[in-house]
1. In the neighborhood of Gly119, defined by Cβ-to-Cβ distances under 13 Å, what is the net charge if each Lys or Arg adds +1 and each Asp or Glu adds -1?
2. When you count, for each residue, the other Cβ atoms within 10 Å and take the mean per peptide, how do 23-32, 74-83 rank with the highest first?
3. Work out, step by step, the length gained on full extension between Phe180 and Val215: first 0.36 nm times the residue separation, then minus their alpha carbon distance; give nm to one decimal.
4. Taking only the alpha-carbon atoms of the chain, what semi-axes of the equivalent ellipsoid follow from 5 times the gyration tensor eigenvalues under a square root, in whole Å, largest first?
5. For the chain, report the accessible area per residue in Å² (1.4 Å probe, heavy atoms, rounded to an integer).
6. Dividing the Cα convex hull volume of region 88-132 by residue count, how many Å³ per residue is that?
7. Roughly speaking, to the nearest percent, how much of the chain's 1.4 Å accessible area is carbon and sulfur?
8. Need one number: nm distance between label points at Thr105 and Arg13, each 7 Å from Cα along Cα→Cβ, rounded to one decimal.
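The values are calculated or read from the model by the stated rules, or taken from the named source; none is laboratory data. Worth saying up front: this structure is predicted, and the values here are computed from it rather than measured. Using ideal geometry, Cβ is built from the backbone for each residue, glycine included, and neighbour counts are taken over all protein chains shown. Surface areas here come from the heavy atoms of the whole protein model, side chains and all, with no ligands, DNA or RNA. Shrake-Rupley method; radii C 1.70, N 1.55, O 1.52, S 1.80 Å.
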Amino acid sequence: SIRGDEQQKTEQRNREWPSLTGSWVYSPRSGVQNVLSSVSGQLQYRVIKRSNLLPSLGAFGGVSEAQAVQTENNSTELSPSFTVVWAGGVSTTASYSSRSTERITSGNVTNTDSEDWSGVVSFAFRPPRSLVRLRNQIRTTLSFFSSKLAVCLLRPDTEECRSVSDSRRRQIDVRLDSGFSETLRGGATFSYTLTDVRHTSDKLSQIVFSIFFDVRLLAGEVR
């Protein structure tokens, strides 16, 4: 790069190691099949290191390597997930994701930690005919999501990482849908979200309920 009349040499280094991804599937062959159909899992783990070295201009416009500005970004990621399919078509999925990032600039360290949890249960059922008569089963999905994001700053003259922000969110979703005829499909959704912004002592809860219909129109020509 060029600044003024001087040509600067910027050094960048990137390393991603270790970087691992694994998955496995288990399908029982014995009498367990009456309860359990399959189990699968996946795991990802990565360590990423990035550094930039940018020399600064001296008092007379020259490049000073002694006053070079170095920035480092180090992060570690871990994300396992599991899926279990039970007898009768019931599916359950659970996943977790964690990311820890350290950014170093001019001796100041900014730490960012994030965590995500999620779970999903899916199944289909047919209500009693005494209540309602449907041509198809009701497909149901229950999901839960939780997240956390925290940022703190560590200065060179202190050992305590001072909190800058801390926010958390939890959400529950329920979805029901079924086909009433060949051209009409509908259902309902329910969602509850709680947002907790701890560094400002703010909390926000939200409830959303909706009903939807999907109409499919067919047109043709008879000859």
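1. Counting the neighbours of Gly119, the net charge comes to -1.
2. 74-83, 23-32
3. That pair, Phe180 and Val215, stretches by 11.6 nm at full extension.
4. Here the semi-axes work out to 52, 23, 21 Å.
5. Working: 16100 Å² over 223 residues.
Accessible surface, normalised per residue, equals 72 Å².
6. Once divided by residue count, the hull of region 88-132 is 79 Å³.
7. 53 percent
8. Going by the 7 Å Cα→Cβ label model, 2.1 nm.
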